[in-house]
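Inspection log for the structure reproduced underneath, given as structure tokens.
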Amino acid sequence: MDRRFFVRCGAATIAAAMAPQSWAQATFPSRSITLVVPFAPGGGGDTVARLLAKGLGERFDKPVVVENRPGASGNIGAALVLKAPPDGHTLLNLSSTYAIQAAVGNPGYDSINGMQPIMLVARDPVVLIVHPAAPWRDARQLAQAAEKSPGKISHGSSGAASIAHMAMEELAYRMGVQLLHVPYKGSSAALTDLMGQSVDLVLTTVTFAAPQIRSGKVRALGVSGTQRLRSLPDVPTFAEQGWPEYQVFDWKAVAGPKGIPPDVAARLNRELNAVLKQPAIVERFEAEGTQLVGGPPEQLLEVVRGDIERWKRLVANAKIKIE
């Protein structure tokens, strides 16, 4: 048989093997992309997702639709995405709560091996807020009051084992006090009850709470980080109030189901990194004290793994019961 026949066959085989990958990149996205937010509308994750969706949609020239799927502390929305076809058209706007659920809950999916990381988006400081009529002016006064009345002061969160819940549990642990946890189906619901004085405290992200703080609708007692925020210069850090070890941030990221073609995942990462460099995005995030991150997909996987171990340690040390 002619040697040229084998050469032609070999070339055809290589081309056929490369065709699906090239075809995927050339045609992606072939329709609208759905970005699932596993919490109710109006929260910090929802705000970030809508900013990303707008920028990504403009770069792809295809709609990027934000779909809220709240429930079970983010597990319902996460499961929906991780079980979706791995073609890059269904993505998850995940946050620190994703790692917490993997650490302390039973999410019903493999949080590491079932997820294709796309990009770590941002790190957002957490801030503790109260109603303006609350008697405490800072976190130290709150700690003193909570020490005298164990389990009486309530804090609302976006759900059991959410970042709002666990970050408040860590703060209470470091303060040496006990608080009463009241879970909600999202940050907005918790904020509504705080403003209605049905719950005493809410710990949430600066991105979410800053407008209410600046308007005087709520009062901030403390913020995470080593330095005060330019956007909230009058709010003391927890570090300067006596808890320097308390360095909790709520990160936001984008991921998809395992099995997304490598070139599609790479393009999503590339386009999202470009979105984070847009002046309007940079200005919006930095104005609230949020640190934009970006970078490769592997960075997100490292953060998820590290957080899983962190929250496992807290639950063991503080003897937290997740109900």
Once the Cβ-Cβ distance between residue 180 and residue 58 is put in as r, and R0 is 56 Å, what FRET efficiency do you end up with, to the nearest 0.05? 0.80
Highest-MSF residue in the chain out of 97, 237, 205 [GNM, Cα springs under 10 Å]: 237
Trypsin sites (Lys or Arg not before Pro) restricted to DSSP loop in region 249-311 with at most 16 other C-beta within 10 Å: 258, 277
Among 107, 135, 236, which one shows the biggest mean-square fluctuation in a GNM of the chain, springs joining Cα atoms closer than 10 Å? 135
Let a ≥ b ≥ c be the square roots of the eigenvalues of the Cα gyration tensor of region 240-310; is it rounded (a/c under 1.5), or, if not, prolate (a/b larger than b/c) or oblate? oblate
Per residue, how much accessible area does region 15-149 show when a 1.4 Å probe rolls over the protein heavy atoms, in square angstrom? 41 Å²
I'd like the antiparallel share, as a percent to the nearest 5, of DSSP beta bridges with both residues in the chain. 60 percent
Helix 163-175 against the longest principal axis of the chain: what's the angle in degrees, Cα atoms only, rounded to the nearest 10? 40 degrees
Note: residue 147 to residue 278 extended length (0.36 nm per residue) minus current alpha-carbon separation gives 42.5 nm
With 31 Å as the limit, write out which pairs from 83/252; 83/152; 185/217; 54/319 have Cα-Cα distances beyond it, or answer none. 83/152; 54/319
Connecting every pair of Cα atoms under 10 Å apart in the chain and solving the GNM, the largest mean-square fluctuation among 211, 233, 257 falls on 233
Roughly how many nanometres apart are two label points built 7 Å out from the Cα toward the Cβ at residue 67 and residue 27? 2.0 nm
Under 19 Å from a point 7 Å along the Cα-to-Cβ line of residue 230: which residues of region 274-318 have their amide N that close? 276-294
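The values are calculated or read from the model by the stated rules, or taken from the named source; none is laboratory data. Quick caveat, the model's predicted, so the values are computed rather than measured. Backbone-built Cβ (ideal geometry, glycine too); neighbour counts: all protein chains shown. We work out accessible area using only protein heavy atoms, side chains counted, and drop any ligands, DNA or RNA first. Shrake-Rupley method; radii C 1.70, N 1.55, O 1.52, S 1.80 Å.
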